[in-house]
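Where a number appears in this text, it was derived from the coordinates with a stated rule and is not lab data. No experiment lies behind these values; they were computed from the predicted model shown. Counting neighbours? That spans all protein chains shown, and the Cβs are built from the backbone with ideal geometry, glycine included.
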Amino acid sequence: MFGIARKIWARQETLEKRLFWIVLAIDTFVSFASIILTAVERVSDLATIFCAVICTMCILTGLLVYKTSHTSIGYFFLIGFFSCVATPVMFFLCGGINSAMPFFLLTGPFMCSFVSNRFFKFLGAAFTLLVGLAVIVVSWMFPEWVTVPPGESVVYLDISVNYLLFGAALFGTCSYAVQAYMNECHQKDELLKKIEDQSRRDDLTGLYNRRYFVQYLEDVVWQNRDGFYVVMFDIDAFRQVNATYGRIFGDSVICAVSRQIGLGVCGDIGERAIRFSGETFACILKADSEIEAFSKADQIREMVANLQWEEFPMLHVTVSGGVIPCVTGDSYDKRTIVRMVDDLLFAVKRKGVNQVKIFTGLSFS
């Protein structure tokens, strides 16, 4: 039994479907409890039999939905059956307002609240409320139609037990619905964060992309430029690597270099590693002085130079880089800084490879 229940539960992808099975389980349990209660109270043998019919109909509805996977059909069947048949009949058989049946008149509107279609939700709620109101009016106008409870103690027992059952059912269902909604909101937020992070990342290397680089300069670095440095690296003779070893291996070289560059920055203090384009990378470094910024950039260069490949032990990959402080010239904006560090990188590469130079204001050294 529990194995079947777990299997059914695992098949439910949406909150609406899961709530259907919760409501159905509660209806079945309450119907079964009513069989016992009406038998103990001896209000009416017909009431006991009808409770058994209600319990059977709940089980059959569950089997129908299990076979067809159409929970909407199950919802409408339960709402129609309980509102138009089960609750009105039991209302008259169990003592009307002198019993717990007024609680159960709310079953229809309660189940309608879980219907996803907005039109049918409000239509069903209005219809079931009107049916409940009509049942009360008819019992008032024709009191002889209502079965009289056998005693006052039976009335209090019926109200007390069903109050607990109905209250627990409402609490459990609504608590699950709220918790499930909160879980879905959390999952949605996590998914949005993941999508947002992926939009900032380069597909091949996992480093931040160029768009994020420019945005980060604007949103973070340019608010307090003091202590920030922009570094740009380029893999030396990368075209020759592609021509000799192939583009697939060339991609693995780019990934290996990117990992070393990523290890050379500390995100906790606001540093970032970026794949700028192709075999060109950028870094935003935080340092207290130009000497410290140069040291950090040169350490990254050394980390790349120490890379080795088992399949090609003779391959030696290096990078060259240029460093420029973000406070260079108050009139410079972020795009000018990016252009300047790009120009500096090419100037460095014209003078040699596997080296890092820093812009000092008038020249680089």
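A few comments on the model shown:
- Net charge dipole, the chain: roughly 800 debye, given to the nearest 20, about the Cα centre with Cβ charges of +1 for Lys and Arg and -1 for Asp and Glu.
- One way to sum up the overall shape of the range 228-271 is the equivalent ellipsoid from its Cα gyration tensor, whose semi-axes run 27, 12, 5 Å, largest first.
- For the range 210-358, convex hull volume per residue from C-alpha positions, Å³: 105
- Summarising the amide proton neighbourhood of G95: residues at separation of 5 or more, or on other chains, whose placed amide H is nearer than 5 Å comprise T147.
- Proxy reagent accessibility, fewest Cβ within 10 Å first, across T173, T56: T56, T173
- Considering the range 180-271 at the alpha-carbon level, its Rg and Dmax are found to be 17.5, 56 Å.
- Kirkwood hydrodynamic radius (C-alpha pairs) into Stokes-Einstein, the chain, 4 °C and 1.567 mPa s, D in µm²/s: 49
- Cα shape, the range 17-157, gyration tensor, a/c 1.5 rule: oblate
- Mean separation of Cα pairs under 8 Å and 6 or more residues apart, divided by the residue count, gives the chain a relative contact order of 12 percent.
- Nearest 10 degrees, 0 to 90: helix 210-219 Cα axis against the chain principal axis: 80
- Here H186, H316 are placed in order of increasing Cβ neighbour count within 10 Å, fewest first, which gives H186, H316.
- Note on the chain: antiparallel DSSP beta bridges, both residues inside, total approximately 85 percent of the bridges counted.
- With respect to the chain, whose longest principal axis is taken over its alpha-carbon atoms, helix 71-81 is tilted by about 20°.
- In terms of distances greater than 29 angstrom between alpha carbons, the cross-link table entries K188/K296; K193/K357; K17/K193; K121/K194; K193/K349; K194/K286 yield K188/K296; K193/K357; K121/K194; K193/K349.
- Of the residues E190, E311, E152, the one that moves most in a GNM of the chain with alpha-carbon contacts below 10 Å is E311.
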